[in-house]
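Read-outs throughout are calculated quantities, based only on the coordinates presented, and are distinct from any laboratory measurement. Computed from a prediction, not measured in an experiment: that's the story for all the values here. Cβ coordinates were reconstructed from backbone atoms using ideal geometry, including for glycine residues, and neighbour counts include every protein chain displayed.
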C-alpha cells in the first residue's frame with residue numbers, strides 16, 4: 001500500500017494537490033499536513049487547550065482583565081518618547097528617564113488633554129480618509145459612465 005493510500009485511509013484528502021485532513025475534535029480542515037499523519041488537531045483547538053491549562057489569575061493577566069498595571073500614576077501612550085512628562089506624584093521624566101532633581105518642580109502633565117488631542121487627530125484622519133474615498137468613488141463612477149458612452153457609440157456604428 002502506497003503512502004497516499006495510507007493517508008487517504010486515515011481520512012486525508014487532496015484539493016489542488018495540497019494534502020488536507022480534518023481536525024479530530026472540531027472537524028475543521030487543516031491544510032499542508034504530512035502524508036505520514038494519522039490524525040491532526042487544528043490550531044484553534046490547540047490554543048483552547050493551552051488556555052484551559054492556565055490558572056484563573058494567569059488567564060486574567062494574559063488577557064488584561066482585573067486590576068490595573070500601575071499602582072498610582074496614569075501614563076498616556078508614548079510617554080517614554082515625550083520630551084518631558086510629569087506624573088501625578090511629581091516625578092519628572094525626560095524621554096522616559098526619571099530626573100530626581102526636578103521632582104515636584106514642574107506642573108503635572110495633563111493626561112486628559114493629551115488623550116483628547118489624540119482622539120481629535122484620529123477623527124480628523126478618519127474624515128480625511130472618508131473624503132478621499134468619496135472622491136475616488138465619484139471619479140470611478142465618472143470613468144465608468146465615460147466607458148459606457150464609448151461602448152454605446154461603438155455599438156451604434158458597428159451595426
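Summary of computed values
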| read-out | value |
| --- | --- |
| DSSP bridge orientation in the chain - percent antiparallel, rounded to nearest 5 | 90 percent |
| Estimated FRET transfer efficiency (residue 125, residue 57; beta-carbon r; R0 35 Å; 0.05) | 0.35 |
| Prolate/oblate/rounded label for the chain (Cα gyration tensor, a/c 1.5) | oblate |
| Value at 222 nm in deg cm²/dmol, rounded to 500, when DSSP H runs of n ≥ 4 in the chain each add -39,500 (n - 2.57) | -16000 deg cm²/dmol |
